[in-house]
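See structure below.
We did not get these values from a lab; they are worked out from the coordinates using the rules stated. Remember, it's a predicted structure, so these values are computed and weren't measured experimentally. Every residue, glycine as well, gets a Cβ built from its backbone with ideal geometry; the counts of neighbours run over all protein chains shown.
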Ligand SMILES: [Fe+2]
Ligand SMILES: [Fe+2]
């Protein structure tokens, strides 16, 4: 008989992590990997940055498994469709609740495993009905998509958005994580790359200490945001997990 | 480029689990596995039951990776030494704090990964200084070794035992898990195979509700247990992870 496959992940051993930025849509893309096996995932890739991403992947020696979206974006086209044409066996992943097409549909409580590391899935609807957040296996960080931004949050006036749902998602699914957990959002428009969750719990001007659900609903009602520039192009493309349409 | 290795573990997908019993020492041995990949570990195997274990492993189609001990046992000889002679690449695992020899030494916060499933390690000294408990990745169960037994606990008068330490291990590391978590101990002498942790928190006659640390120390002082039958044979063998000595 021959032994199976396993490993020991030592206490405190950090997951491989790289944050990348798309200037055009102010989108953060994340590479996460098992430092031993180099099995990796990419979260929220942007179509026009796929060449950059592939160079990073090659120089880090990663074996990409999945392209995971936090939701069907309205401001850029996902890179998962293009990545599928470049990497044999690579699969796209999105929430079942998004209604979008992808190789794999996931929901709350699922785990996305790469090598011996993983992220776990929390349902955080509100910006869209299908928004997910992803918690690192050691709770050292959370990818919040457009649900919780640094000192802000995603808009709730398009794509089945709901201020009430977003408020409850943040309070029940994100603010229940440890204060030390690092928030990595899908966007930032002011050069901030991360925040401590404990700081957002206290000082987020829309969702932090002292803000009630009805305060939040009122704030979101009065934002007077303009129509999202790329929504009419990006959403249809993202509902089939990016271009090219690879079915 | 070719994709790496990963998987999706769906919410609620149970780990493969089988409990086995050695009549001679009243020891429970556990087989745990990833239902998709069949990668598996065995916890607290008993030397005289290795043939039975191998038959189980074969009939379940498992690929055994590790033989993990909760501690250096005094009442039976571990089967990990024998299993190493039967399975190519199979490795023995025990706590660093045990002082015993093994292929891999682990400590609190480490994770033992098999396929895409894992157990996490908690230090629960008291029965011995090196006792560990193992929590399933979904917290559905905990393997408590001789730290917490059903309506009882391991003795604390040999092998560097300490009633104070055992009391604090149980309260800080085990009773902090959910009430629904199932306790699977290393032994039972009355035919009980498992207990709900919530019931032990309430009704364990030594450690449950209302019992203080000093109550517990007093109880353990007055047990008047006989000298462990096999300790002089078993402990030296287990300090080198069982016979044959395979270094
Ligand atoms: Fe968005
Ligand atoms: Fe023991």
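Tabulated values for the structure
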item: q = 0.07, 0.13, 0.16, 0.18 Å⁻¹: log10 I(q)/I(0) that the Debye formula gives for region B:16-222, counting C-alpha atoms only; result: -0.19, -0.66, -1.01, -1.28
item: Residue mean of other protein chain beta carbons inside 10 Å, A:6-15; result: 6
item: Alpha-carbon Debye profile of region A:17-136, log10 I(q)/I(0) at 0.11, 0.15, 0.16 Å⁻¹; result: -0.32, -0.61, -0.70
item: Highest-fluctuation residue, B:21, B:158, B:90 considered, GNM on chain B with Cα pairs under 10 Å; result: B:158
item: Added length on full extension, which subtracts the Cα-Cα distance from 0.36 nm per residue, residue B:218 to residue B:36; result: 60.7 nm
item: Isotropically averaged projected area of region A:102-163, using the convex hull of Cα atoms (one quarter of hull area), nm²; result: 5.0
item: Length added when fully stretched, residue B:232-residue B:1, from 0.36 nm per residue minus Cα-Cα; result: 77.4 nm
item: Cα radius of gyration and Dmax for region A:67-188 (Å); result: 14.0, 41
item: Whole-number percent relative contact order across region A:1-78, with pairs defined as alpha carbons under 8 Å at least 6 apart; result: 24
item: MRE, 222 nm, helices only [DSSP H, n ≥ 4, -39500 (n - 2.57), over the protein assembly as shown, to nearest 500]; result: -5500 deg cm²/dmol
item: Overall form of region B:148-192 per C-alpha gyration tensor (a/c, 1.5; a/b vs b/c); result: oblate
item: Cβ-derived FRET efficiency at R0 51 Å, residue B:14 paired with residue A:192, nearest 0.05; result: 0.80
item: Alpha-carbon centroids, region A:1-75 and region A:79-121: separation in whole Å; result: 12
item: Computed over chain A: relative contact order in percent, which uses C-alpha pairs under 8 Å that are six or more apart; result: 18
item: Inter-copy label distances at residue A:158 (7 Å, Cα→Cβ; nm, one decimal); result: 7.1
item: Order of A:131, A:153 under a 10 Å beta carbon neighbour criterion, fewest first; result: A:153, A:131
item: Relative exposure of A:217, B:93, judged by other C-beta atoms within 10 Å (fewest first); result: A:217, B:93
item: Column: log10 I(q)/I(0), Debye, Cα scatterers of region A:29-70, q = 0.14, 0.31 Å⁻¹; result: -0.27, -1.17
item: Alpha-carbon centroid distance for the pair region B:134-202 / region A:169-204, whole angstrom; result: 36
item: For region B:152-247, the fraction of alpha-carbon pairs in successive 10 Å shells from zero, as %; result: 13, 39, 32, 14, 2
item: Other-copy label distances relative to residue A:61, 7 angstrom Cα-Cβ extension, nm; result: 3.5
item: Within a Gaussian network of chain A (alpha carbon springs, distance under 10 Å), most fluctuating of A:45, A:228, A:108; result: A:228
item: Fewest-first ranking of B:192, B:117, using other Cβ atoms within 10 Å as the exposure measure; result: B:192, B:117
item: Candidates A:24, A:39, A:137: whichever shows maximal mean-square fluctuation once chain A is modelled as a Gaussian network with Cα springs under 10 Å; result: A:24
item: Kirkwood Rh in Å, taken over all unlike Cα pairs in the protein assembly as shown; result: 24.5
